[in-house]
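Taking it in order: structure first as structure tokens, then the write-up.
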Amino acid sequence: MATTAVPPAPPKKVNRIGLEIATYKGSKSTLCAGCGHNAISERIVEAFYELGVEPHRVAKLSGIGCSSKSPAYFLGSAYGLNAVHGRMAPVATGTMLANRTLLAIGVSGDGDTASIGTGGFVHLMRRNLPVIYIIEDNGVYGLTKGQFSATADLGSKLKTGVVNDLPPIDTCALAVQLGATYVARSFSGDKRQLLALLQGAIVHRGTSMLDVISPCVTFNDHEGSTKSYSYVKDHDEPLADVSFVPYFQDINVDYEPGTATEIEMHDGSRIVLKKLATDYDPTSRSEALRVLTEAHDKNEIVTGLFYVNTERENFLDLLNIVDEPLATLPESRVRPPKQVLDEIMEELK
Ligand SMILES: Cc1ncc(C[n+]2csc(CCOP(=O)(O)OP(=O)(O)O)c2C)c(N)n1
Ligand code: SF4
Ligand SMILES: [Mg+2]
């Protein structure tokens, strides 16, 4: 009797450090189907997988909100701390001071950042703490049933007909003005742009602030909302076409001379920005603030990389923080010797 040989299973696809994409996923999402936050988690999984970051090197931080639940849905084997409302920034600061070898990714909401967490946000930006700070921006407090947040646009309407009568806080303009060194806006529905911007943020050694417009399908996806899928698709004006080339891939991105800007990141990776309608210099803070102010005045949604600065010293270098996790340092390295204390006492006599 003839036997049919069972074909061998196809080899599993792995990244450059031999891990499958499943290793970069987290628990099953409990957010609403179609929520923009789910798409952002998917891009985070892809970005870390493609760059071959070891998940145990990553610390995930968040506050409270549907957005702040997201870290549960990516990098299941990374460290994680889900803090209280508006406290992602201080917790991220403490984490990086305690162990600078970690790669911190913080996920916050527009409510979590632009109201209760504003103090922590502004100080993190001005310190240029190395962290990827993502705002999953839907213009509402999704978790508490859809009240306007401080990023809601003037004139935007709730389902009940209530109109927002306050101007929005532009978290990108604030971040640029305060000193963050990688500032971008994207849309959860723009897979390509968001993935490239996330990869750039992962290799950047300073504060990367990504405001990602992320529609709330349950409370803010109707006509009259300026953060709905259809509104953002119709009004999205990308500054440039963004590509990311990691340092370990020798790829040449094709472009005509003079039609693109290449930015070399600390590790040798490159961000290539192909010009679209306008000429734009992402290394100029004043250009970034001009574009953001103009977009605000014209009610336009401009997306892309607004500002990048690979020169400014980050907070950990400024403080001369040692490489070893602080908790592992022996007493002899964290406590001044007796002789130093004696000298101080002498001076006080
Ligand atoms: C100190 C405190 N105040 C208020 C709340 C209630 N609360 C929970 S989540 C939230 C806002 C969430 O909005 P956002 O950060 O935009 O996240 P989203 O749910 O929209 O993703 C609020 C006000 C809380 N949990 N703690
Ligand atoms: S309520 Fe809105 S923000 Fe929260 S999970 Fe549902 S769609 Fe997402
Ligand atoms: Mg929100």
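The values are calculated or read from the model by the stated rules, or taken from the named source; none is laboratory data. Just so we're clear, the structure is a prediction, and the values are computed from it rather than from any experiment. For the accessible areas, the whole protein counts, side chains as well, though only heavy atoms, and no ligand, DNA or RNA atoms are used. Shrake-Rupley method; radii C 1.70, N 1.55, O 1.52, S 1.80 Å.
In the elastic network of the chain, a GNM with C-alpha springs shorter than 10 Å, the most mobile of TYR79, TYR141, TYR307 is TYR79. Residues whose amide H falls under 5 Å from that of ASP137, counting only those 5 or more places apart or on a different chain, are VAL212, ILE213, SER214, with hydrogens built in the peptide plane. Shape class for region 47-107, computed from the alpha carbon gyration tensor (a ≥ b ≥ c): oblate, with a/c not under 1.5 and a/b at or below b/c.
A simple rule links phi to the HN-Hα coupling: the Karplus curve 6.51 cos²θ - 1.76 cosθ + 1.60 with θ = phi - 60°, which for region 311-320 gives 9, 5, 5, 8, 4, 6, 5, 4, 8, 6 Hz, with x for Gly and Pro. For region 37-98 and region 268-314, what is the separation of their Cα centres, given in Å? Value for the Cα centre distance between the two parts: 25 Å. Search the structure for amide H atoms under 5 Å from the amide H of SER77, placed 1.01 Å from N in the peptide plane, and list their residues when 5 or more places away or on another chain. When sequence neighbours closer than 5 places are left aside, there are no close amide H contacts. The amide H of LEU143, built 1.01 Å from its N in the peptide plane, has CYS66 as neighbours under 5 Å, considering only residues 5 or more places off or on other chains.
Heavy-atom surface analysis with a 1.4 Å probe gives the chain a carbon and sulfur content of 55 percent of its accessible area.
Ignoring solvent entirely, what values of log10 I(q)/I(0) come out of the Debye formula for the chain at 0.08, 0.11, 0.12, 0.15 Å⁻¹ when each Cα is a single scatterer? Log-scaled intensity ratios, in q order: -0.41, -0.73, -0.85, -1.28.
In the context of the full set of protein chains, region 1-114 has a per residue accessible area of 47 Å² (1.4 Å probe). Among GLY18, GLY109, GLY52, the largest mean-square fluctuation in a Gaussian network model of the chain (Cα springs under 10 Å) belongs to GLY18.
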